[in-house]
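Trainee: Before anything else, here's the structure in question.
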Amino acid sequence: MEVIIRNIAHFISSVIEVIAIIVISIGVLRLIITYIDTFFHHKQHHNNAMIRIKFGSSLTLALELLLAADILATAVAPTWDDIGKLAAIATIRTGLNFFLEKEMANMEKRIKH
């Protein structure tokens, strides 16, 4: 039974990782299209800071999805080695997410003022 649950957890984890890849890909595509549109049409309502904020939101979502996938992958009967790796990955991804969110909030404040 444990093997079946582990296989299901790994499958769902892989699906979540693919979703994270799609989120990042869409964010990059949106960034490129918006930047090109802004560059050629000289739109004032889109500047580089707003483009970065939109891209950053895609990255934060992807980081959260990847963290969820890692937690799910190690949820069934983890070893101490698995727990240590998860702790390191969770710390790094959470730190990245925290500072990315903080930078995006600062950019939004600067844009509003």
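Here, each number is a calculation from the coordinates, and none is a lab measurement. Keep in mind that this is a model prediction, so the values were computed, not measured. Positions of Cβ are generated from backbone atoms using ideal geometry, with glycine treated the same way; all protein chains shown enter the neighbour counts.
Trainee: Output the direction-averaged projected area (hull surface divided by four) of the convex hull of the alpha-carbon atoms of segment 23-110, in nm².
Mentor: Here the figure is 6.2 nm², rounded to one decimal.
Trainee: Roughly speaking, what is the stretch gain from N47 to V18, that is 0.36 nm per residue apart minus the C-alpha to C-alpha distance, in nm to one decimal?
Mentor: On the way: separation 29, 0.36 × 29 = 10.44 nm, distance 3.02 nm.
Net length gain for the segment: 7.4 nm.
Trainee: Moving on to the next point. Using the beta-carbon distance between F40 and M107 and R0 = 30 Å, what value does 1/(1 + (r/R0)^6) give for FRET efficiency, to the nearest 0.05?
Mentor: With R0 = 30 Å, the Cβ-Cβ based efficiency is 0.80.
Trainee: Put a dot 7 Å past each Cα toward the Cβ at I26 and E64; how far apart are the dots in nm?
Mentor: A separation of 1.4 nm, rounded to one decimal place.
Trainee: Further question: Which FRET efficiency, nearest 0.05, do H10 and T94 yield, Cβ-Cβ r, R0 30 Å?
Mentor: 0.85
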